[in-house]
Amino acid sequence: MKILIVNSNEELAKAGYNWIVEILRTQSTPVLGMATGSSPMGIYKLMRENHLDVSHTVTVNLDEYINVPANHENSYHCFMKKQLFDHISFKKIFLPNGMAENLQEECLRYEQVLDEYPVDLQILGIGENGHIGFNEPGTSFSSRTHVIQLTESTRHANRRFFNHEHDVPTHAITMGIASIMKAKRIMLLAMGTAKASAVRQLLEGPITEKCPATILREHPDVLIITDQQALSLCSEESLYEHQQVFSISNLLSNSRMG
């Protein structure tokens, strides 16, 4: 694992954007695994403001709520359209269909998409309970695309996007942990003290399904972009014994860390 320490969301966005640009430059048909939520929004803003050429690029999204229509303002389909798809034109885009009549068949279909388009760079956030995608604590490390019941803590975290608490979805389709781990590279974004406990578990805790993000320690190419607040509960020993730590200037002066 590599850790890139930034001082602001703007620095996070620049660092993430630069890494994406480098992958798009070096791959003939790059595949980006896209995340939603607030963490990647600055990256997406730079992509659309710079009119990034993604005409050769395929996207696959991590997840989608169940029983939320694609045109609903809080669906992840709608989020991606507002953030990216209405502004720059990708070669192909894929998202799970949370309105599918047969959700198990939809999970199998989406896993076939991931097999056909192996992800070059997967963007991830991390939940306060250590979830990645919507893989809540207790999800098997061998899981592939599946239906998940969201925990109350996850629903509470997503409450701000909905008018009423009862509107917050209870279930989602998500890439499984094994699906995520197939990505060639992973970029995990974690900012602020609210993520400090999850980041400490990720870096220092046992690798356990009780904290799904811990499996990322077994991936060969993970970059964590984070700030001092999110690292505030981590010991210096854990940061420097097992991970390489970079400053923002390192990444911006070198388009690819490796």
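Size descriptors for segment 104-188 (Cα atoms only): Rg and Dmax, in that order, 13.5, 39 Å.
Neighbours of Ser75 by Cβ distance under 13 Å: Lys/Arg scored +1, Asp/Glu scored -1, total -2.
A straight Cα-to-Cα reach below 18 Å connects Lys195 with the lysines Lys2, Lys210, residues fewer than 8 places away in its own chain not being considered.
Less than 5 angstrom separates the built amide H of Ile66 from those of His171, Ala172, Ile173, all sequence-distant by 5 or more or on a different chain. All other residues whose Cβ lies under 11 angstrom from that of Val199 are scored, Lys and Arg at +1 and Asp and Glu at -1, for a net of -1. The residues neighbouring Ser8, those whose beta-carbon lies less than 12 Å from its own, together hold a net charge of -2 under the Lys/Arg +1, Asp/Glu -1 convention. Expressed to the nearest 5 percent, the antiparallel share of DSSP beta bridges inside the chain is 25 percent. To make sure I understand the rule: partners must be aspartates and glutamates, Cα under 18 Å from the Cα of Lys14, and not fewer than 8 residues away in the same chain. Which ones qualify? Excluding near neighbours in sequence, the set is Glu22, Glu49, Asp53, Asp227.
The alpha carbon centroids of segment 91-114 and segment 6-80 are separated by 19 Å. Of the peptides 100-107, 79-86, 179-186, the order by per-residue mean of other Cβ atoms within 10 Å, starting with the highest, comes out as 179-186, 79-86, 100-107. Per residue, segment 12-161 exposes 44 Å² of solvent-accessible protein surface, assessed with a 1.4 angstrom probe and all protein chains in place. Going by a ≥ b ≥ c, the root eigenvalues of the Cα gyration tensor, does segment 102-144 fall in the rounded group (a/c under 1.5), the prolate group (a/b larger than b/c) or the oblate group? Verdict is oblate for segment 102-144.
Here the Karplus curve 6.51 cos²θ - 1.76 cosθ + 1.60, taken at θ = phi - 60°, turns the phi angles of segment 135-148 into couplings of 7, 6, x, x, 5, 5, 5, 8, 5, 10, 3, 7, 8, 10 Hz, with x standing for Gly and Pro.
Under 5 Å from the amide H of Leu4 lie the amide H atoms of Ile224, Ile225, Thr226, Phe246, each residue being 5 or more positions distant or on a separate chain, with H modelled from the backbone and absent for Pro and chain starts.
Per residue, the convex hull spanned by the alpha carbons of segment 1-136 comes to 126 Å³. Surface composition of the chain: carbon and sulfur make up 47 percent of the accessible area, probe 1.4 Å.
The calculated P(r) of the chain, using every Cα pair and 10 Å bins from 0, goes 7, 32, 39, 20, 2, 0 in percent.
Where a ≥ b ≥ c are the square roots of the eigenvalues of the C-alpha gyration tensor, would you call segment 166-208 rounded, which needs a/c under 1.5, or, failing that, prolate if a/b is larger than b/c, or oblate? Oblate shape, in that a/c is at least 1.5 and b/c is the bigger or equal ratio.
The values are calculated or read from the model by the stated rules, or taken from the named source; none is laboratory data. Everything numeric in this text was worked out from a predicted model, so none of it was measured. Note that each Cβ is placed from the backbone with ideal geometry, even for glycine, and that neighbours are counted across all protein chains shown. Quick note on the areas: whole protein, heavy atoms, side chains included, nothing else; ligands and nucleic acids left out. Shrake-Rupley method; radii C 1.70, N 1.55, O 1.52, S 1.80 Å.
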